[in-house]
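Inspection log for the structure reproduced underneath, given as structure tokens.
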Amino acid sequence: MVIVDIGLRKLNVEHETSLSSVMIAKMEESVQELPSDISLSEARRRVDKYLREVIPDTFIRGFFLLNLSKGTKGNFQWRYNLKAISDSLKKDLLNDIKFTQPFYGKVLLVHGGKSHYVIQDDYPTIQKWFPNIKIKCIAEGNHYLHILNQNEFLEIVTSFINSDE
């Protein structure tokens, strides 16, 4: 099993959930008024401009914009199921995971040194529930380390998968 930048610590998702709700609402709004006669690249440019206020990070906006598409009727839409994402954020599913016994299988946790989802203080609890875990930190990585630190990430995961341990 490979776990990427998520730990077991209860996260304070209240702020992120309210921010995400605003972001999802803006994403839904952003496509409603787009004329159907514009190109996908023009639609992405307009939506990018519209979302800057709620998604200031250019990388994250660009990542989301990759999932903007033109429907069969010429309307623009998101490939994401925004309602399902919004509903799951409201339910705080990540903080509802309950463990009953340790998992003794082969596990790799790769996390970003600049991400808040896993910190070194979390290691003992993680190791309690995953006794055979290998933990690797990409020091300059953030939550998107599989994209922004792709080579180092792939090297770590490939090495783990190919190891006999």
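Of all residues in region 26-79, which are among the aromatic types (Phe, Trp, Tyr), touching a residue at least 40 places away in the same chain (Cβ under 8 Å) and touching a helix residue (DSSP H, G or I) at 6+ places or on another chain (Cβ under 7 Å)? Please lay out each step first, then the result.
Taking region 26-79 as the starting set, the residues that turn out to be among the aromatic types (Phe, Trp, Tyr) are 50, 59, 63-64, 76, 78.
Then keep just the ones that are touching a residue at least 40 places away in the same chain (Cβ under 8 Å); that gives 59, 63, 76, 78.
Selection gives PHE76, TRP78.
Between a residue in region 143-165 that is among the hydroxyl-bearing types (Ser, Thr, Tyr) and any residue that is part of a helix (DSSP H, G or I), which pairs come within a Cβ distance under 9 Å, given they are 6 or more apart or on different chains?
TYR144/PHE59; TYR144/ILE60; TYR144/PHE63
Please find, among LEU34, LEU65, LEU51, the residue that is surrounded by 14 or more Cβ atoms within 10 Å (Cβ to Cβ), modelled with pLDDT of 90 or more and under 16 Å from the mean Cα position of the chain (by Cα).
Values: LEU34 fails: under 16 Å from the mean Cα position of the chain (by Cα); LEU51 fails: under 16 Å from the mean Cα position of the chain (by Cα).
Going through LEU34, LEU65, LEU51 in turn, the sole match is LEU65.
Being closer than 16 Å to SER21 by Cβ and surrounded by 12 or more Cβ atoms within 10 Å (Cβ to Cβ) is the filter; apply it to region 68-86 and report the residue that is farthest from the chain's Cα centre (by Cα). Can you show your working first?
Narrowing region 68-86 to residues closer than 16 Å to SER21 by Cβ: 78, 80-86.
Now narrow it down to the ones that are surrounded by 12 or more Cβ atoms within 10 Å (Cβ to Cβ): 78, 80, 82, 85-86.
On the way: TRP78: 16, TYR80: 13, LEU82: 14, ILE85: 11, SER86: 14 Å.
The selected residue is TRP78.
For LYS70, state whether it is touching a strand residue (DSSP E or B) at 6+ places or on another chain (Cβ under 7 Å) and either hydroxyl-bearing (Ser, Thr, Tyr) or at pLDDT 85 or above (or both). It would help to see each step written out before you state the result.
On the way: touching a strand residue (DSSP E or B) at 6+ places or on another chain (Cβ under 7 Å): yes; either hydroxyl-bearing (Ser, Thr, Tyr) or at pLDDT 85 or above (or both): yes.
Here the answer is yes, as LYS70 does meet what is asked.
The values are calculated or read from the model by the stated rules, or taken from the named source; none is laboratory data. Keep in mind the model is a prediction, meaning the values are calculated, not measured. Cβ coordinates were reconstructed from backbone atoms using ideal geometry, including for glycine residues, and neighbour counts include every protein chain displayed.
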